[in-house]
Amino acid sequence: MCEGCEIRDEKIKQLEHELYGRSWEAPKEFRLTKLEAAIVATLLANNRVCSPALLIDATRGRGTHTNNPNSNLIDAKICHIRAKLRPYGLRIETVWGTGYKIEDETRAQLINWTARRAA
């Protein structure tokens, strides 16, 4: 592989890492699957509404193999995630016709969850 290609591939990895929030790890008590954790991490990494297509892209390679961004997969997974986060007072907002986002208060709680639990 050429040196320029290696640099390009590394930049792509870094951008994907930032876009999909792959540095966030779901606390064990949430009991999120890898796919669900990937969705939450992407919602956390993007402080905006995330389309179902972006969320499907974030899960590729983590057990999801679909080319249909209009499938109900994301809707179903969001429903499961909400059920798991609800007991902790954490919420995911639906922006009708656009996608999903994590409310600011929930975002702060999720990002600081591990530090808060350790204190």
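The values are calculated or read from the model by the stated rules, or taken from the named source; none is laboratory data. Predicted model only: the values in this text are computed from it and were never measured. Cβ placement follows ideal geometry from the backbone for every residue including glycine, while neighbour counts extend to all protein chains displayed. Side chains included, ligands, DNA and RNA excluded: accessible areas come from the protein's heavy atoms. Shrake-Rupley method; radii C 1.70, N 1.55, O 1.52, S 1.80 Å.
Matching residues to (1) over 14 Å from the mean Cα position of the chain (by Cα); (2) modelled with pLDDT of 90 or more:
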position: Pro52; (1), (2): no, yes
position: Asn72; (1), (2): yes, no
position: Lys84; (1), (2): yes, yes
position: Leu90; (1), (2): yes, yes
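State whether the residues of the range 39-49 include one that is modelled with pLDDT of 70 or more and on the phi > 0 side of the Ramachandran plot. Walk me through how you get there before you give the answer.
Step one: of the range 39-49, the residues modelled with pLDDT of 70 or more are 39-49.
Restricting the remaining residues to those that are on the phi > 0 side of the Ramachandran plot gives none.
Checking the range 39-49: not a single residue is modelled with pLDDT of 70 or more and on the phi > 0 side of the Ramachandran plot.
Where residues in the range 1-38 are open to solvent by less than 40 Å² (accessible area, probe 1.4 Å) and farther than 23 Å from Asn112 by Cβ, which of them is modelled with the highest pLDDT? Top of the filtered list is Leu35.
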